Structures are given as structure tokens and as C-alpha cells.
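Trainee: Got a structure here, written out as C-alpha cells. Questions coming.
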Amino acid sequence: MYRAIFLQFGAALITAVGAGAIVGTRGLVSVGLAAVACILPNLFFAIRLTMVNDRSGASYAANFFIGEFLKIAATIGLLAIAVKGYPEMHWPSLLIGFAIVLHAGFIAFWKKS
């Protein structure tokens, strides 16, 4: 799980630098906000599952589905806060950054070492 988060962070850095070079500061900040909205809930979800995995008698499946629901809600909430708090948002950069960061996690499962 943590490997996927590191890949998402790397993809966010590359995308933010690219958007910053093409669009400017607005693009860089927009991708950064999208990355934070994706990576933070994923990180907290991974930490929570790691903690539950070590406990005996805990329902891992129930914690997974509840955590996944909370992760999606937190991502939507953070995106709403970002849009409201940064009125100069560059929407194409936000959406492209969001898509790239979300898909970067799949590379961790595709490429196993």
C-alpha cells in the first residue's frame, strides 16, 4: 500500500512540474492541490489498515469497506475545500493531475517486485 502512495507522490511531483512549466504557477498549485486531495486520504487509509491488520479479532473486511468509503468522502471534501480556497484554479491542470495521481497507484500492483 505504501509503495502505491510513493508512486502517487512521484507522479504528482512530475505532473506538477510539467503543469508549472506549461501553465505557470496556477497549474503547479492546481496539480498540487489535486495531489494532496488524493494522497492524504490514501495515506490515512493505509495507516488504518496496517493498524487493523495487527489486531486480533478485528474485521479486516469491514474496516476496509468503511475506510474506503471514508477515503472517497475525504477526497471529495478536500477537493471542495481546494476549489473554494483557491479561486484561480486551473481546471485542466486539476483534472489531469487528479487522474494521473489516482492512476499512478495502479502501477504498484501491476509491477510487483
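Trainee: Given axes a ≥ b ≥ c from the Cα gyration tensor, I'd like to know whether the stretch 73-113 is rounded (a/c under 1.5), prolate (a/b larger than b/c) or oblate.
Mentor: It comes out oblate by the Cα gyration axes.
Trainee: Another question about this same structure. Please identify the trypsin sites (Lys or Arg not before Pro) of the stretch 63-113 that satisfy two criteria: DSSP loop assignment and at most 13 other Cβ atoms within 10 Å. Which are they?
Mentor: Of the trypsin sites (Lys or Arg not before Pro), the ones in loops of the stretch 63-113 whose Cβ has at most 13 other Cβ atoms within 10 Å are Lys111, Lys112.
Trainee: List the chymotrypsin sites (Phe, Trp or Tyr not before Pro) within the stretch 62-113 that DSSP assigns to loop and that have no more than 15 neighbouring Cβ atoms inside 10 Å.
Mentor: Filter output for the stretch 62-113: empty list.
Trainee: Alpha carbons only, please: Rg and Dmax for the stretch 1-40, in angstrom.
Mentor: According to the Cα coordinates of the stretch 1-40, Rg and Dmax are 10.2, 32 Å.
Trainee: When Rg/Rh (Cα atoms, Kirkwood Rh) is calculated directly from the model, which label among [x] 1.04; [y] 1.16; [z] 0.93 fits?
Mentor: [x]
Trainee: Right, here's the next one. Averaged per residue, what accessible area in Å² does the chain show with a 1.4 Å probe, protein chains only?
Mentor: 63
Trainee: With angles folded into 0 to 90 degrees, how steeply does helix 60-85 sit against the dominant principal axis of the chain? Use alpha carbons for both and round to 10.
Mentor: The angle comes out near 20 degrees.
Trainee: Compute the relative contact order of the stretch 1-84 as a whole-number percentage, counting only Cα pairs closer than 8 Å that sit 6 or more residues apart in sequence.
Mentor: 29
Trainee: Explain nothing, just the number: dipole magnitude of the stretch 38-113 about its Cα centre with +1 on each Lys and Arg Cβ and -1 on each Asp and Glu Cβ, in debye rounded to the nearest 20.
Mentor: With Lys and Arg at +1 and Asp and Glu at -1, about 160 debye.
Trainee: Determine the gain in length on full extension of the stretch Met1-Ile47; use 0.36 nm per residue of separation and subtract their C-alpha separation, reporting nm with one decimal.
Mentor: Taking 0.36 nm per residue and subtracting the Cα distance, the gain is 15.7 nm.
Trainee: Something else about it: Measure off, as a whole percent, the carbon and sulfur share of the 1.4 Å-probe accessible area of the chain, all protein chains present.
Mentor: Of the solvent-accessible surface of the chain, carbon and sulfur hold 75 percent.
Trainee: Please compute the Kirkwood hydrodynamic radius over the stretch 1-67, one decimal place, Å, based on all pairs of different Cα atoms.
Mentor: 13.4 Å is the Kirkwood radius here.
The values are calculated or read from the model by the stated rules, or taken from the named source; none is laboratory data. What you are looking at is a predicted structure, and each value in this text was computed from that prediction instead of being measured. Because the Cβ atoms are built from the backbone with ideal geometry, glycine has one as well, and the counts that use them run over all protein chains shown. Remember, those area values only see protein heavy atoms, side chains included, never the ligands or the DNA or RNA. Shrake-Rupley method; radii C 1.70, N 1.55, O 1.52, S 1.80 Å.
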